[in-house]
Structure formats: structure tokens, C-alpha cells
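Student: Structure below; questions to follow.
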Amino acid sequence: MMIFAAVLVIATLVAMASGRVPPVLALGCAIAIAALTGVAPVDELFSGLSNGGVITVAGMLVIAQGVIFTGVVSRITWRLLSSVTTAQQALRRLIAPVGVLSATINTTPIVAMLIPASQELQQTRGIPTRQVLLPIAHATTLAGSVTLIGTSSNLLIAGIASSAGVGIGLFSFAPIALPVCLIGWLVLLVTAPRMFKAGADIEPATKRWRAEIRVEPGANAIGRDAATLGIESTQEYELVTVRRHGENMSPATPIEAGDTMVFATTKDGVTALWGSPRFGLSANRLYAASVSNGYHGTVRELAADGDLTVIAARTDRPLRDTPARAGQTCYVTAENPGALADNPSVSLWQNAAGKVPQPAKTRMALLILLAVVVAAGFGLAPVEVVAFSGALLMVVAQVLTPRQAVRALDWNVLFILAGSVGLGAIVVSSGLAGKIAEAVSYLGGGSLPLVIIVIAVFTAILTNITTNAAAASILTPVAIAIAAELSLSPVMLLALVATCISFTFLNPFSHQSNLMVLGPGGYSNKSFVRFGVPLFLVSVVSVCVIAYLLLR
């Protein structure tokens, strides 16, 4: 049975590493085969559905969405980058604050927010996006390994370890992960600007669209000018005028409530402006709507027949003076799609952008996040209970609607984590964990430094060819078995594994953040390897040294 289990686990890992089979499908097949053949008890194979780590990840996804929805990350990013002139300067300002944030919420939304910010740096200051994006993605991955809630793999390790009687606290992995993270950041600062050359010059985009956005009372743009806010001119849009009481004011005029900001913009610029938290807009969606046949009137008058607000159209004239043609696309906003369905002037529509960030909810969202971190840090309640309660508070405090909270759940990630717990159950129940632990001890020859090196190298390689969840599910029981055999601290050995799982530097498909920056940064598989090898080697060496000093 052990040989069959080994073949099943290896086949699953190969399928996941090939990229031809979705990880969820590969894990699902493995669990089904193991259940039918009796390789592991059914309740253990499906225990991932109730695993504390998986529940915590779900809660933290909702909490992260609540924080991101306030627009606080984009506002902080702009302030940090408002005066940078080089890529190295941008990295120096971003790495530490982004790293701290990555240690408390999921890294994926953070990287998503940084992509447009880095692109704007290239458009406005000539700082190549490729010199910033990948280093920041790697920096967030390293920082996420420092705390229990910083990455899903840490939570998965804690969930599996708890069933073996090993308790993991919020900062249990920090003694190893934090020094390695700081060393990795230093490598990123030194190597990134030198390794990535600027790409081809971007041709100026043609700004053929006109966007008119009203500044609502309470907006954080009030009292400041467009240049200070970073919305005066980018590659995608340019402020033409500030219209106040029917008069056109200079773009340098300090903004007041009730002003209409008029932009010449590209099509992508319209959605970028809509996603800005500066204007205090209502939490509505943006729709691309087509004018129906038989409509006679201006673009602005489209809103007369329904609860709509017209934001932009392809014109160089004011929207109130632009005739609407049948089939013409305009950008409108409404509280719900029903307003579009009931409007006879609109024939077709589709979502163009999500709801506008709501800065007014920033304080509440950050207080909830802080409460979750403090409660988890002091062990006031199990971390899964704390995360679940924090997610509920995001809805109760109206930072998110119930529908937004449900949409924040990444079911693919959650099912991969649950399936990985099942894969770990196969490793444990079949006796593979003990055999692998014996093999590691044999390769190390009883020498602690060699055992550490074998674990570090094997973990770092496995996480680059499969997923961090798969690596965590297989190596957690192995690390616990080795700790028992060699009389080592299981928490520190798990910290070694957790830290090495974050070394996803060589393969763009090994981590979601890598995939997110692959296209926008213009990277290739070769550039990932070329940039990742020095960071990988330094990280492996440093983690081995630090782990040895703590475990000896």
C-alpha cells in the first residue's frame, strides 16, 4: 500500500507540475483514488474542508478585500512614489511598507494594486515597469512567510501541525523567516535595477475620450490640486479643466466639492479614473453601454430616462453638447443593472469596472485588521475564529456588502488548500512521511547541518515545480517526523519549511503573484530564472545558516 501511495503522490505532483492539468483536478483525482482504495481514512482525506488553516485563509481573503476596497493601498502607494526618480528609489520606498502589509493580508490584491502604480511610473517618469514589478512581487512573497496569516501555505502548515499536537503562533516562523526576508530584500535592492533593462519606449496613447467626473462632498481630493493628487497627467489621461459653477477653471485650481473634473483620456483611462478613490464617488459599478436605435439626443441626456449617470464618451466636446449616435458606446454608472434594463435609450451593456473604492470606510477596515492581528498575536482565540470573526465584522460594519464578501472568496485557492490537506493525509496514513523522514536523516548522516540543507533544498525545489500548498502538505508531516527522530524543535523545523516554501523565484507558474506581473512587466521564463537564481541561492544559504544557529 505504501508503494501505491508513493506512486499516487508522485503522479499527482507530476500532473500539477506539468501545467496541463488544473491543480484542483489533480488533487481531486488523488483524493478520490485514495478513498476508493483505502489508502487513507475518508474523514482524513476530506478534513481539509474543515481545516483551520483553510478557514483562516477564507476569512483573511474577505478582510483583505475590505482593506483594498477602501483604496488605502493605492493612496499610500501614491504618496510613497510621488517624488521618486529611479527604480532603486521606488523599491527603497515600497519594499518595507508593502512587506509589512503582506505580512497581514493576502499578497495577491497588494500586487494587483501595485501593477497600475508601476505602469504609471513608467508613463510619467520613465522608470521601467520591469525594474519594479517582479522585485516587489518577490518582496511580498518573502514578507508573507514571516507571520502565520501572511500566506496561505503558513496557515496550511499550522492546520496540519495542530492535528499532530504542534501549536503554531502568529510569529512562530519569524525567527527564521524575518532575517531571510531582510536579506532577500537587500538582494532585490541591489540586483533589480541592474538586471532589468528598460523595454521599448511606449508610444503616447491617443486620448480620444472625454470623461466628466463630479467631486462629491467628503472626497479626499477637496482642498488639493490635481498635480498634488497625481491625476493631472499620465499616459492614459490628462486633466483639461476644472468646471465650477459653469465656468472652466485652470487644472492647477484647488479642488472643491461640486467641481466637475474634465479629462481627455483613453478608453483604459476611463476605467482607471473610475477606480480612483479621490473623487468620493458612490460605490456603484461602471458599465459600457451602447446607444439604442431611434434615440435622438445628447450623450448627457441618456440619463434622463433612468437612474444613470454618464461618465464618458468618445468625443472632444462637452457631453451635454455631444449628439448620441445609435451603437455608440458610453460609460455610465448606476446602482444596479436594472436601471440600464429599464432605460429605452440603452440597447446593450456590460461591466467595465468594479465598484469605486470607498475611503470613508478606511478607518473601520484598518481597525478590524488591527484587531485581528492583535487577537491572533496574543492568542485570545484560535486564529480561524479570529479571521472568521474579522470577515463577519467587515460585513456588519458595512465595509463590504454580503455579496462582495462572497465574491472575495477565491474558491480555486480554497479547494487547492483543502485538496492539499488530503494529499498530506495520504502521505501520513500510508507511512510515507516516516519513510521520507528516515531518508532525509540518512542523507544527512545524523549531521544537523546536512539535514537542514537537505530539507531546505528539497523544499525550495518542490515549491518551484508544484504549488506552495502541495509542498506544505507533504513536508509538514515529514518535518514533524524528523523533529521527533532527531529531538529537534518541531516549530523551528516547520519554520524552516515555511520559509523555503516562499522561495518561488524560478518559475512564473509557481506563485499567483508571479503570474500577475508576467505580462505587465514584459518578463519571460528566462528572465524569471536569470533574476531568480541569485536570490534563490542567497535565500537558501541564509535560511540554512539561520536555521542551524537556532536548532543546534
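The values are calculated or read from the model by the stated rules, or taken from the named source; none is laboratory data. Remember, it's a predicted structure, so these values are computed and weren't measured experimentally. Quick reminder, even Gly has a Cβ in these numbers, built from the backbone with ideal geometry, and neighbours come from all protein chains shown.
Student: Just to be sure before I move on: is Gly218 of a type outside the set (Val, Ile, Thr), modelled with pLDDT under 85, farther than 29 Å from Thr141 by Cα and touching a Gly at 6+ places or on another chain (Cβ under 7 Å) in the structure I sent?
Tutor: Here the answer is yes, as Gly218 does meet what is asked.
Student: Need the failing condition index for Phe503 against (1) part of a loop (DSSP other than H, G, I, E, B); (2) under 21 Å from the mean Cα position of the chain (by Cα); (3) closer than 17 Å to Ala433 by Cα, just the number.
Tutor: Among (1) part of a loop (DSSP other than H, G, I, E, B); (2) under 21 Å from the mean Cα position of the chain (by Cα); (3) closer than 17 Å to Ala433 by Cα, the lone unmet condition for Phe503 is (3).
Student: Kindly indicate which of Met492, Met516 is in contact (Cβ under 8 Å) with a residue 60 or more places away in the chain and more than 19 Å from the chain's Cα centre (by Cα). Walk me through how you get there before you give the answer.
Tutor: Numbers: Met516 fails: more than 19 Å from the chain's Cα centre (by Cα).
Checking each option against the conditions leaves just Met492.
Student: Restricting to region 75-89, and then to whatever is touching a residue at least 60 places away in the same chain (Cβ under 8 Å) and within 22 Å of the chain's Cα centre (by Cα), can you tell me which residue is farthest from Ser118 (Cα to Cα)?
Tutor: Looking only at region 75-89, we keep the residues that are touching a residue at least 60 places away in the same chain (Cβ under 8 Å), and these are 75, 78, 82, 86-88.
Okay, now just the ones that are also within 22 Å of the chain's Cα centre (by Cα), so 75, 78, 87.
Working: Arg75: 14, Trp78: 10, Ala87: 10 Å.
Ranking the qualifying residues of region 75-89, first place goes to Arg75.
Student: So in region 477-500, with the set limited to residues that are of a type in the set (Gly, Ala, Ser) and part of a loop (DSSP other than H, G, I, E, B), which one is surrounded by the most Cβ atoms within 10 Å (Cβ to Cβ)?
Tutor: Filtering first and then ranking leaves Ser489.
Student: Can you pull out every residue in region 397-419 that is surrounded by 22 or more Cβ atoms within 10 Å (Cβ to Cβ), assigned to a helix (DSSP H, G or I) and not small (Gly, Ala, Ser)?
Tutor: Across region 397-419, the qualifying residues are Ile416, Leu417.
Student: Related question: Out of the residues in region 234-266 meeting the condition of being in a strand (DSSP E or B) and among the acidic types (Asp, Glu), tell me which one is surrounded by the most Cβ atoms within 10 Å (Cβ to Cβ).
Tutor: Restricting to residues being in a strand (DSSP E or B) and among the acidic types (Asp, Glu), the top hit is Glu238.
Student: Can you name the residue in region 70-112 that is outside any loop (DSSP other than H, G, I, E, B) and touching a Lys or Arg at 6+ places or on another chain (Cβ under 7 Å) and, of all such residues, is nearest to Val374 (Cα to Cα)?
Tutor: Looking at the filtered set, the residue picked out is Leu80.
Student: With modelled with pLDDT of 90 or more, among the hydrophobic types (A, V, I, L, M, F, W, C) and crowded, with 17+ Cβ neighbours inside 10 Å as the only criterion, which of Ala11, Ala17, Ala87, Ala58 stands out?
Tutor: Just one listed residue meets the conditions, Ala58.
Student: Additional query: Looking at region 138-177, which of its residues are outside any loop (DSSP other than H, G, I, E, B) and either on the phi > 0 side of the Ramachandran plot or among the hydroxyl-bearing types (Ser, Thr, Tyr) (or both)?
Tutor: Residues satisfying the conditions are Thr140, Thr141, Ser152, Ser153, Ser162, Ser163.
Student: Go through Ala58, Ala40, Ala64 for me and flag whichever is part of a loop (DSSP other than H, G, I, E, B) and out of contact with any strand residue (DSSP E or B) (no Cβ under 7 Å at 6 or more places or on another chain).
Tutor: Exactly one residue qualifies, and that residue is Ala40.
Student: Do you know which residues across region 367-391 are under 17 Å from Gly53 (Cβ atoms) and surrounded by fewer than 16 Cβ atoms within 10 Å (Cβ to Cβ)?
Tutor: Gly379, Ala381, Pro382
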